[in-house]
Structure formats: C-alpha cells, structure tokens
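Engineer: My questions will all concern the structure given below.
The values are calculated or read from the model by the stated rules, or taken from the named source; none is laboratory data. Computed from a predicted structure; not experimentally measured. Positions of Cβ are generated from backbone atoms using ideal geometry, with glycine treated the same way; all protein chains shown enter the neighbour counts. Remember, those area values only see protein heavy atoms, side chains included, never the ligands or the DNA or RNA. Shrake-Rupley method; radii C 1.70, N 1.55, O 1.52, S 1.80 Å.
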Amino acid sequence: MRKIVAGLFISLDGVTEAPENWQLSYINDELVEAVGEAMAESDTMLLGRRTYQEFAAYWPNQGSEVQFAYYMNNTPKLVVSTTLDTVEWQNSTLLKGNVAEELTRLKQQPGENISSTGSTTLVRSLLRDGVLDELRLLVHPIVVGRGERLFADGEPQRPLELVDSKTFSTGVVYLTYRPQRT
C-alpha cells in the first residue's frame, strides 16, 4: 500500500512559511541527499494551492541542469484546492470534493509514496482526516519569529511516534514521525 508522506522545512519556533528566506545557509550535501532520497521514494506529488502556484511559476522555467527540475516537472502532481478551476503545469490534476476519500482510494493503488512538500494547511488537514502516514520535518536551528506555523494555537492533541532521526553537521535535525492511530 502506498503512503502519504509530508516533508517540511521548519524552524525551531515552528515556522514553515517562506523557508527560502531562512534556510538557505543550512543547505549542504546531507540535506540535499535527504531531499533526493524522499523524491526517489515517491512517484506522485501532493500540493496545496499556494505551493502549487509557487512551484508552477518557478519549476517549468528550469532546465534539466537544475537540480531536482526533472523530478519537479515530470512527476504527476495532485493539487488540492477549493478555489482553482484548472491547473496548467504539466502532469497536474486538480483534486476537489472529498480529498480524504480520494487520497484513501489512491493509496490502495500500486505505486510509490505520494509526497507532499510545503503546503502547511494541507498537511494539517491530512493529519486531521487520518490519511497522513508520515511527517518528515527538517528542523532548522533558527528562530524565525513570524510566519505561518505548522500547528496553530488551538489545534487538538495529535500523538505522533518518532520513527527516525538524523542530525546533520549544520545542526539541522531530520525527524520522521508517524501518527499514532487510536
């Protein structure tokens, strides 16, 4: 059975918004290798509207010499949105309606992982709806101070089980959690 795996760059204070503004100095071979391994384990991307629009504005303009461009442009993409009517980026499909039901159905089909990158609001809904199988956090040793956080005040308790951890030489900690099913 396929898994839905969410991967996020996150600061010590829980900020996931605009990592390009605070995480670049922490990129090294270890981090690139971890991201590449996650990509190699998946054959489908799952994106929320904002992340889709950011990626669709950037990646189609990148040539194959740019690291990860081939994967980003050629991998099938599922876009979750209540506001978009169409998606134009190649290999993109719009998901509307009961997303949890559709993703549960897709998980039953043969294939590799379905990976979500960024898309904080989507990740919260995947956890809430019980369809997220793994949460992979690249925790950066920086306090950003403002921006969208993975979990907002008032979120219900969600027990998670730590299944793997790695510490990179930059101080980034790569944590893999699975939701505890109750």
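Engineer: Yes or no: F9 under 23 Å from E112 (Cβ atoms) and part of a strand (DSSP E or B)? It would help to see each step written out before you state the result.
Structural biologist: Details: under 23 Å from E112 (Cβ atoms): yes; part of a strand (DSSP E or B): yes.
Spelling it out, F9 is indeed under 23 Å from E112 (Cβ atoms) and part of a strand (DSSP E or B).
Engineer: Please verify whether T117 is under 29 Å from N28 (Cα atoms), under 13 Å from the mean Cα position of the chain (by Cα), of a type in the set (S, T, N, Q) and open to solvent by 20 Å² or more (accessible area, probe 1.4 Å), treating the condition exactly as stated.
Structural biologist: On the way: under 29 Å from N28 (Cα atoms): yes; under 13 Å from the mean Cα position of the chain (by Cα): yes; of a type in the set (S, T, N, Q): yes; open to solvent by 20 Å² or more (accessible area, probe 1.4 Å): yes.
Yes, satisfied.
Engineer: When segment 44-100 is examined, which residues are found to be part of a loop (DSSP other than H, G, I, E, B), of a type in the set (S, T, Y) and open to solvent by 80 Å² or more (accessible area, probe 1.4 Å)? Break it down stepwise before answering.
Structural biologist: Pass one, segment 44-100, residues part of a loop (DSSP other than H, G, I, E, B): 62-68, 75-76, 81-91, 96-98.
Now restrict to residues that are of a type in the set (S, T, Y): 64, 75, 81-83, 86.
Across segment 44-100, the qualifying residues are S64, T82, T83, T86.
Engineer: I would also like to ask the following. So M39 clears everything in (1) within 26 Å of G130 (Cα to Cα); (2) open to solvent by less than 30 Å² (accessible area, probe 1.4 Å) except one condition, right? Which one?
Structural biologist: Of the numbered conditions (1) within 26 Å of G130 (Cα to Cα); (2) open to solvent by less than 30 Å² (accessible area, probe 1.4 Å), the odd one out for M39 is (2).
Engineer: Checking the conditions here, which among L24, L31 is more than 27 Å from G97 (Cβ to Cβ), at pLDDT below 95 and surrounded by 19 or more Cβ atoms within 10 Å (Cβ to Cβ)?
Structural biologist: On the way: L24 fails: surrounded by 19 or more Cβ atoms within 10 Å (Cβ to Cβ).
Only one candidate passes the filter, namely L31.
Engineer: Residue pairs, Cβ under 6 Å, 6 or more apart or interchain, first in segment 149-178 and open to solvent by 90 Å² or more (accessible area, probe 1.4 Å), second aliphatic (A, V, I, L, M). List them.
Structural biologist: Hits for this filter: T167/V173; R178/V163.
Engineer: Of all residues in segment 153-182, which are out of contact with any helix residue (DSSP H, G or I) (no Cβ under 8 Å at 6 or more places or on another chain) and of a type in the set (A, V, I, L, M, F, W, C)?
Structural biologist: L160, L162, V163, V173, L175
Engineer: Out of V163, V144, V131, I need the residue that is modelled with pLDDT of 95 or more, closer than 27 Å to G36 by Cβ, among the hydrophobic types (A, V, I, L, M, F, W, C) and part of a strand (DSSP E or B). Which one? Give the steps one after another, and end with the answer.
Structural biologist: On the way: V144 fails: part of a strand (DSSP E or B); V131 fails: part of a strand (DSSP E or B).
That would be V163, the only listed residue that is modelled with pLDDT of 95 or more, closer than 27 Å to G36 by Cβ, among the hydrophobic types (A, V, I, L, M, F, W, C) and part of a strand (DSSP E or B).
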